[in-house]
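Below is one structure, written out as structure tokens; the observations come after it.
The values are calculated or read from the model by the stated rules, or taken from the named source; none is laboratory data. Source: prediction; values computed, not measured. Positions of Cβ are backbone-derived with ideal geometry, glycine not excepted, and every protein chain shown enters the neighbour counts.
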Amino acid sequence: MNRGRQTSCAHRPPSNSPISYPRRPNIENEETSSACRHRSSRLAFTALPAHAQDTLAAIKAAGKIRVATEFGRSPWGYKDENLKPTGSDYETAALLAKDLGVSLGLVEVIGPNRVPFLISNRADVVISTFSITPERQKVIDFSVPYASAVQYVAGDRRRTLNTCEGCVRF
């Protein structure tokens, strides 16, 4: 199992959904997928799947997409010297709003409240670093990850390390 953190986008599934649809649907709707192709080749982004058209319609009717993101994870999301949001997650959110023809409403979150903000309808989408876990997939959908960060343990080659607990000795 990959325990690395992945940068992804998440959104609430429709309220009437039995959560039995595929987790990574094919993107057939040009309007919801154009943000990714314009960002860069490293970005594969699904803002809303085809079965969430009600959410997309609500966003368009409101004229605003509420994007939750973290601002303490450089280079993904942070605030510059003037406290202006910046970073690749912010730029992705801005491009998504532009492609949808709506204004961007940023919702600042921290790691533990990203999922609660989605399921309580305080945000339409989260663009942030997420580990995609089976528990999270039960309540939210994820886009195809567009970045990955993996952590490695390095040490003296002459020492043997057989367990995670063995790291404490170093």
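Name the single residue that is farthest from Ser131 (Cα to Cα) among those in segment 60-116 being touching a helix residue (DSSP H, G or I) at 6+ places or on another chain (Cβ under 9 Å) and of a type in the set (S, T, N, Q).
Ser103
Filtering segment 114-135 down to residues that are crowded, with 17+ Cβ neighbours inside 10 Å and not hydrophobic (A, V, I, L, M, F, W, C), which residue is farthest from Arg66 (Cα to Cα)?
Thr129
Within segment 116-144, track down each residue that is in contact (Cβ under 8 Å) with a residue 24 or more places away in the chain, farther than 25 Å from Lys60 by Cα and under 14 Å from the mean Cα position of the chain (by Cα).
Answer for segment 116-144, where residues must be in contact (Cβ under 8 Å) with a residue 24 or more places away in the chain, farther than 25 Å from Lys60 by Cα and under 14 Å from the mean Cα position of the chain (by Cα): Thr129, Phe130, Ser131, Ile132, Arg136, Gln137.
With segment 81-162 as the region, which helices (runs of 4 or more DSSP H) entirely inside it contain at least 2 residues that are at negative phi and β-branched (Val, Ile, Thr)?
114-119
Looking at segment 131-158, which of its residues are modelled with pLDDT of 80 or more and touching a Gly at 6+ places or on another chain (Cβ under 9 Å)?
The answer is Ser131, and nothing else.
Can you report the number of residues in segment 50-77 which are over 16 Å from Gly105 (Cβ atoms) and either in contact with a His (Cβ under 8 Å, 6 or more places away or on another chain) or at pLDDT 90 or above (or both)?
1
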